[in-house]
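This report concerns only the one structure given below.
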Amino acid sequence: MSDTNTAAADNSGPAIAITGMHKWYGDFHVLKDINLTVERGERIVICGPSGSGKSTMIRCINRLEEHQKGSINVSGIELTNDVKNIDTIRREVGMVFQHFNLFPHLTVLQNCTLAPIWVRKMPKAEAEEIAMKYLTRVKIPEQAGKFPGQLSGGQQQRVAIARSLCMNPDIMLFDEPTSALDPEMIKEVLDVMVDLAKEGMTMLCVTHEMGFAKQVADRVIFMDEGEIIEQNEPNEFFDNPQSDRTKLFLSQILGH
Amino acid sequence: MIMDDFLIRALIAGLGVAVVAGPLGCFVVWRRMAYFGAALAHSALFGVALGLLLEISPTLAIVVVCIAVALILVSMQGQRQLAGDTLLGILAHAMLALGLVVTALVDTVRVDLMAYLFGDILAVSDIDLYWIFGGGVLALVALAVIWRPLLAMTVHEELAAVEGVPVARTRLMFMVIIAIVIAVAMKVVGILLIVSLLIIPAAAARPFARTPEAMAILAIVAGCISVVLGLGSSMTWDIPAGPAIVLAAAVLFLVGGLLRKTSRSYEQ
């Protein structure tokens, strides 16, 4: 990896370009020779068995995990140890986690305005206006004055999505956003993500919701043992998987 | 009049420490860092020994040693060979033992080990007061500066990082603040009881607070009451002041817990 000077985001090229990326945890080779280009507005679903490295891969994109070999470029900026570059990239990339992690003592609106006011130094009125816009987009503007504890899991995850959108990211990473939800709440979160996808947001989503993948993904990526085994557009991926490992995974996940 | 002087100084010192320890203790409780604080406090004795050996202020030496130990602990957090609490245990007790050994080797000064281990609030000098209030104000200002990012990190560190909070810098500042508070609070309750002043008032405040800021204020109040009750008990029953303050805080915690439980059963 070479250090580059602190750069501004370049929105003319690919959103993300990962080349020959490797990552190790001690002796454990967790990501092996990852090569992936994500174009602007592209929706990618990443699936694979537990421990296959899919969450680790997307966490490398915003430097929550550090890669040891290869390169990651986000909006034309190479991820290195340069703190300013990391900060610039994190401004470009929003992330939604499995758990909602809302401040329990703050209202939904306050949760959404927190980072814009504290980190971006945005005036409160402007932050609230943006927050209401995104709460409307995730279809819960009427919950703005409530506390997280008064909402269902699905509603809380929608708040988490709205909170992330309030930072105005160009790219959204979703790390199993529905896996902590009760089955009846999954649909409402997926519906919000489908709407986001339709609006042209660049999205990388780690999920086992294959219906979502079929509906919105431009590309589905299958990972196993730290490698990208197969990637294809959804119809071809599901109807005509090439690798035996993909076939086995799909038979297990779609067989129920 | 002499008695009044040392009592007033003890009271001022105790209240000063309580005001700083309250808000800081809230973070120690929220972030489940009680054992981390204990590890730093145990290292303080090595700081004392180093101060005596190098003939510099023991308080300054404690701050330096605590920051160094905090940095070592943070840098070793990523290793996967040992569980976090095992690592803390090893470092805490190794540093305490090192402090005891080096203190024994310092033969130029007679060291009152008991005062360092359990505090000697009744012997607080004017210089100690300067340290407590100078260090205390510094720690409070620094804590106010990092309050919001630290709170965001406490709710979810990775989310805070994603949202642009300078996580590494904030964590480092938090460690330095803990180191400063341990150094200045040592005179009041001693190395072995310092962490109790951080966690007990905060834990006592927790059931009554609806917001982090309210909990910080209530923790200050609980700490101040503990200092007054502890010093009063010490004078009344001729018991050691430091442990008396900690016991008073523990009683407050128990009474508060019982009161909260009773009021909840009434509400139901």
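The values are calculated or read from the model by the stated rules, or taken from the named source; none is laboratory data. Treat the numbers as computed from the prediction; the structure is a model and nothing was measured. Note that we place each Cβ from the backbone using ideal geometry, even for glycine, and neighbour counts take in every protein chain shown. With ligands, DNA and RNA removed, areas are computed over all heavy atoms of the protein, side chains included. Shrake-Rupley method; radii C 1.70, N 1.55, O 1.52, S 1.80 Å.
Would you mind stating whether B:Ala250 is within 16 Å of the chain's Cα centre (by Cα), farther than 25 Å from B:Trp147 by Cα, assigned to a helix (DSSP H, G or I) and modelled with pLDDT of 95 or more? Spelling it out, B:Ala250 is indeed within 16 Å of the chain's Cα centre (by Cα), farther than 25 Å from B:Trp147 by Cα, assigned to a helix (DSSP H, G or I) and modelled with pLDDT of 95 or more.
So in region B:238-253, with the set limited to residues that are aliphatic (A, V, I, L, M) and without any contact (Cβ under 8 Å) to a residue 40 or more places away in the chain, which one is farthest from B:Met215 (Cα to Cα)?
Looking only at region B:238-253, we keep the residues that are aliphatic (A, V, I, L, M), and these are B:239, B:241, B:244-252.
Narrowing the set further to residues that are without any contact (Cβ under 8 Å) to a residue 40 or more places away in the chain leaves B:239, B:244, B:247-248, B:251.
Numbers: B:Ile239: 30, B:Ala244: 23, B:Leu247: 20, B:Ala248: 19, B:Val251: 18 Å.
Checked region B:238-253; the qualifying residue farthest from B:Met215 (Cα to Cα) is B:Ile239.
Checking A:Gly48, A:Gly26, A:Gly70, A:Gly20 one by one, the residue that is farther than 19 Å from A:Met172 by Cβ and open to solvent by 60 Å² or more (accessible area, probe 1.4 Å) is A:Gly26 and no other. In the set (1) away from chain A (no Cβ under 14 Å); (2) closer than 13 Å to B:Val19 by Cα; (3) touching a residue at least 40 places away in the same chain (Cβ under 8 Å), the condition left unmet by B:Met215 is number (1). Checked against the criterion of being open to solvent by 10 Å² or more (accessible area, probe 1.4 Å) and not in a helix (DSSP H, G or I), region B:227-235 contains not a single residue that satisfies it. The residue list B:Ala94, B:Ala61 contains one member that is surrounded by fewer than 23 Cβ atoms within 10 Å (Cβ to Cβ) and out of contact with any Leu (no Cβ under 9 Å at 6 or more places or on another chain), which is B:Ala94.
Checking region A:57-74 against the condition returns no match, with no residue being within 28 Å of A:Asp195 (Cα to Cα), in contact with a helix residue (DSSP H, G or I) (Cβ under 7 Å, 6 or more places away or on another chain) and part of a helix (DSSP H, G or I).
Can you confirm whether region B:157-165 contains a residue that is part of a helix (DSSP H, G or I), open to solvent by less than 10 Å² (accessible area, probe 1.4 Å) and more than 14 Å from chain A (Cβ to nearest Cβ)? No.
Among residues of region B:30-47 that are at negative phi, those with a Cβ under 8 angstrom from a residue that is open to solvent by less than 20 Å² (accessible area, probe 1.4 Å) and not in a helix (DSSP H, G or I), sequence gap 6+ or separate chain, pair up as B:Ala41/B:Ile191; B:His42/B:Ile191; B:Ala44/B:Ile191; B:Leu45/B:Ile191.
Scoring A:Cys60 on the criteria (1) exposed (fewer than 14 other Cβ atoms within 10 Å of the Cβ); (2) in contact with a Lys or Arg (Cβ under 8 Å, 6 or more places away or on another chain); (3) of a type outside the set (S, T, N, Q); (4) within 14 Å of chain B (Cβ to nearest Cβ) leaves a single failure, condition (1).
Looking across region B:122-156, the residues that are assigned to a helix (DSSP H, G or I) and not aliphatic (A, V, I, L, M) come down to B:Asp126, B:Asp128, B:Tyr130, B:Trp131, B:Phe133, B:Gly134, B:Gly135, B:Gly136, B:Trp147, B:Arg148, B:Pro149, B:Thr154. Looking only at region A:200-244, residues that are surrounded by 18 or more Cβ atoms within 10 Å (Cβ to Cβ), touching a strand residue (DSSP E or B) at 6+ places or on another chain (Cβ under 7 Å), in a loop (DSSP other than H, G, I, E, B) and not hydroxyl-bearing (Ser, Thr, Tyr) come to 4 in all.
Just wondering, is there one or more residues in region B:166-187 that are part of a helix (DSSP H, G or I), in contact with a Pro (Cβ under 6 Å, 6 or more places away or on another chain) and of a type outside the set (D, E, K, R)? Taking every residue of region B:166-187 in turn, at least one turns out to be part of a helix (DSSP H, G or I), in contact with a Pro (Cβ under 6 Å, 6 or more places away or on another chain) and of a type outside the set (D, E, K, R).
Among the listed residues B:Leu53, B:Leu15, B:Leu60, which satisfies the condition of being assigned to a helix (DSSP H, G or I) and either of a type outside the set (A, V, I, L, M, F, W, C) or more than 17 Å from B:Val181 (Cβ to Cβ) (or both)?
Values: B:Leu15 fails: either of a type outside the set (A, V, I, L, M, F, W, C) or more than 17 Å from B:Val181 (Cβ to Cβ) (or both); B:Leu60 fails: either of a type outside the set (A, V, I, L, M, F, W, C) or more than 17 Å from B:Val181 (Cβ to Cβ) (or both).
Selected residue: B:Leu53, the only one of B:Leu53, B:Leu15, B:Leu60 that is assigned to a helix (DSSP H, G or I) and either of a type outside the set (A, V, I, L, M, F, W, C) or more than 17 Å from B:Val181 (Cβ to Cβ) (or both).
The residues of region A:47-89 that are more than 18 Å from the chain's Cα centre (by Cα) and among the acidic types (Asp, Glu), listed by number, are A:Glu78, A:Asp82.
Set side by side, the residues B:Leu52, B:Leu87, B:Leu40 differ, and just one is touching a Cys at 6+ places or on another chain (Cβ under 6 Å), at pLDDT 85 or above and open to solvent by less than 50 Å² (accessible area, probe 1.4 Å), which is B:Leu40. Taking every residue in region B:96-117 that is within 16 Å of B:Leu54 (Cα to Cα) and pairing it with any residue that is of a type in the set (Ser, Thr, Tyr) and surrounded by 13 or more Cβ atoms within 10 Å (Cβ to Cβ), at least 6 positions away or on another chain, the pairs with Cβ-Cβ distances below 7 Å are B:Val111/B:Thr103. Scanning region A:245-256 for residues that are among the hydrophobic types (A, V, I, L, M, F, W, C) and crowded, with 16+ Cβ neighbours inside 10 Å yields A:Phe249, A:Leu250.
Looking at A:Arg158, A:Arg163, can you tell me which residue is surrounded by 24 or more Cβ atoms within 10 Å (Cβ to Cβ) and either free of Cβ contacts under 8 Å to residues at least 24 places away in the same chain or within 13 Å of another protein chain (Cβ to nearest Cβ) (or both)?
Working: A:Arg158 fails: either free of Cβ contacts under 8 Å to residues at least 24 places away in the same chain or within 13 Å of another protein chain (Cβ to nearest Cβ) (or both).
Among A:Arg158, A:Arg163, only A:Arg163 is surrounded by 24 or more Cβ atoms within 10 Å (Cβ to Cβ) and either free of Cβ contacts under 8 Å to residues at least 24 places away in the same chain or within 13 Å of another protein chain (Cβ to nearest Cβ) (or both).
Looking for something more than 14 Å from chain A (Cβ to nearest Cβ) and crowded, with 17+ Cβ neighbours inside 10 Å - is there at least one such residue anywhere in region B:142-153? Before the answer, list the steps.
Our first condition is that a residue be more than 14 Å from chain A (Cβ to nearest Cβ); within region B:142-153, this holds for B:142-143.
Right, trim to crowded, with 17+ Cβ neighbours inside 10 Å and you get B:143.
Yes, there is a match, as at least one residue in region B:142-153 is more than 14 Å from chain A (Cβ to nearest Cβ) and crowded, with 17+ Cβ neighbours inside 10 Å.
In region A:80-105, what count of residues is obtained for those that are open to solvent by 30 Å² or more (accessible area, probe 1.4 Å) and not in a helix (DSSP H, G or I)? Here the count works out to 8.
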